[in-house]
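Scroll down for the structure; my scribbles are underneath it.
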Amino acid sequence: MHPNPNFRHVSRARNLTFARERGFGTLSVAVEGEVVSSHIPFRVDESGTWVEMHLARSNPILRHPSRAVLMVTGPDAYISPDWYGVVDQVPTWNYVAVHLRGALSVLPATALRPHLERVSEHFEATLDKPAWTLGKMTPDVLTRMERMIVPVRLEIEDVQGTWKLGQNKDDDVRHAAAAAVGGSHGMEQVELGALMSSPPPQERI
């Protein structure tokens, strides 16, 4: 997390909402002196107290469940000094990132099917089409595929977010850079430019 407090005044609730809507992140744990990471989809529960996800049965994280961090990143982009419209600026990178920390545990096999139903329902609801369900699969095929994955849960003990959107700049300078970012090539640049134009308010964490 960036140490500048200007970038860290977003509430726990807003950071959790960001993570919940993003739904994809990097899970990292220490395994026998090495850091092991997996890039996985996840679902944050409605109360914001835990995260559910699943891992391939061969994933080494399953052999050493312990404290973990789930890193969720949002739009990011390079910021050219030219875009500020003032002198003596330096290049930087603006971005949004949220870290969820806590104890990771392996759930029993009986928890897998309900987990898959909740996760697929969560993401299918974001699409403009009739929802896909597990019921559309051939039962024995579904059972075989379920043997390949294991459900896990992260109990959320700490939420940290960095929203580095140029809040350390004057409004007119930040808005000039935001307009340039928003006009750049790429979907994330457009989204980042919009965030920079109206950065998160100074919230009580």
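The values are calculated or read from the model by the stated rules, or taken from the named source; none is laboratory data. Just so it is clear, the structure is predicted and the values come from calculations on it, not from any experiment. No Cβ is skipped: glycine too gets one built from the backbone with ideal geometry, and neighbour counts run over all protein chains shown.
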Residue 128 vs. criteria surrounded by fewer than 19 Cβ atoms within 10 Å (Cβ to Cβ), of a type in the set (Asp, Glu), free of Cβ contacts under 8 Å to residues at least 40 places away in the same chain and not in a loop (DSSP other than H, G, I, E, B): no
The range 158-179: number of residues that are more than 20 Å from residue 40 (Cα to Cα) and not in a helix (DSSP H, G or I): 9
Qualifying residue in the range 100-114 (condition: at pLDDT 95 or above, under 14 Å from the mean Cα position of the chain (by Cα) and closer than 30 Å to residue 146 by Cβ): yes
Long-range neighbours under 8 Å by Cβ, at least six apart or interchain, first residue farther than 19 Å from residue 110 by Cβ within the range 132-147, second surrounded by 10 or more Cβ atoms within 10 Å (Cβ to Cβ): 132/120; 132/124; 133/117; 133/120; 133/121; 133/124
Residue 39 vs. criteria over 30 Å from residue 169 (Cα atoms) and in contact with a Gly (Cβ under 8 Å, 6 or more places away or on another chain): yes
Single unsatisfied condition, residue 145 versus (1) under 25 Å from residue 3 (Cα atoms); (2) part of a helix (DSSP H, G or I): (1)
Residue within the range 165-183 that is within 21 Å of the chain's Cα centre (by Cα) and within 30 Å of residue 29 (Cα to Cα) present: yes
Yes/no for residue 47 being hydroxyl-bearing (Ser, Thr, Tyr) and in contact (Cβ under 8 Å) with a residue 60 or more places away in the chain: no
Some residue of the range 174-190 being in contact with a helix residue (DSSP H, G or I) (Cβ under 9 Å, 6 or more places away or on another chain), over 29 Å from residue 64 (Cβ atoms), touching a residue at least 24 places away in the same chain (Cβ under 8 Å) and of a type in the set (S, T, N, Q): yes
Test for residue 92: is it within 21 Å of the chain's Cα centre (by Cα), closer than 30 Å to residue 9 by Cβ and of a type in the set (Ser, Thr, Tyr): no
Residue in the range 71-79 that is aromatic (Phe, Trp, Tyr) and modelled with pLDDT of 95 or more present: no
